[in-house]
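Accompanying notes for the structure given below.
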Amino acid sequence: MINSVQSNTSALKAFSRQMSVSANNVANALSDDFKKSRAINTEGENGQVDTVITKINTPGPLVEDPLSETGELKELSNTDIAEELVNQIAVEQGYKANAKVIQTYEDTIGSIIDMIG
């Protein structure tokens with residue numbers, strides 16, 4: 001059971017990293033030329049959860065630069081706010097599920113100690 005709690009703890013950290021990456025994407029969504037990143041959680045050694053962060057280099061939309069007198073185009077961020085919202089909801093649910101497992105473990109241990117002591 002201890003290994004399970006350690007796995008759940010590493011999952012909480014991984015979900016926190018995912019949320020940080022998504023929050024950074026949202027914070028920079030209006031920055032010209034910003035390239036979003038994506039954090040993917042994978043199974044690591046001994047049931048631990050690892051996070052792989054990659055930069056997504058797809059081009060953002062091109063729009064006419066309002067500050068340019070020659071009608072030059074500029075590239076906007078490739079961040080999709082709707083996609084980030086969906087990712088954040090999934091991350092939140094994963095975080096809550098792992099936190100609930102840890103809470104249940106602690107409650108169970110407390111009940112066993114009460115029975116013994």
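The values are calculated or read from the model by the stated rules, or taken from the named source; none is laboratory data. Computed from a predicted model, the values in this text were never measured in an experiment. Positions of Cβ are generated from backbone atoms using ideal geometry, with glycine treated the same way; all protein chains shown enter the neighbour counts.
The figures follow:
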item: Residue match in the stretch 33-41 (condition: under 30 Å from residue 75 (Cβ atoms), of a type in the set (Asp, Glu), loosely packed, with under 15 Cβ neighbours inside 10 Å and more than 12 Å from the chain's Cα centre (by Cα)); result: yes
item: Residue in the stretch 100-115 that is at pLDDT 95 or above, of a type in the set (S, T, N, Q) and under 15 Å from residue 8 (Cβ atoms) present; result: no
item: The stretch 93-115: number of residues that are surrounded by 13 or more Cβ atoms within 10 Å (Cβ to Cβ) and more than 17 Å from residue 3 (Cα to Cα); result: 2
item: Test for residue 46: is it within 27 Å of residue 90 (Cβ to Cβ) and at pLDDT 95 or above; result: no
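For (1) exposed (fewer than 15 other Cβ atoms within 10 Å of the Cβ); (2) farther than 28 Å from residue 106 by Cβ; (3) without any contact (Cβ under 8 Å) to a residue 24 or more places away in the chain; (4) in contact with a helix residue (DSSP H, G or I) (Cβ under 7 Å, 6 or more places away or on another chain), each residue gets a yes or a no:
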| site | (1), (2), (3), (4) |
| --- | --- |
| 14 | no, no, no, no |
| 18 | no, no, no, yes |
| 64 | yes, yes, yes, no |
| 69 | yes, yes, yes, no |
| 78 | no, yes, no, no |
| 81 | yes, yes, no, yes |
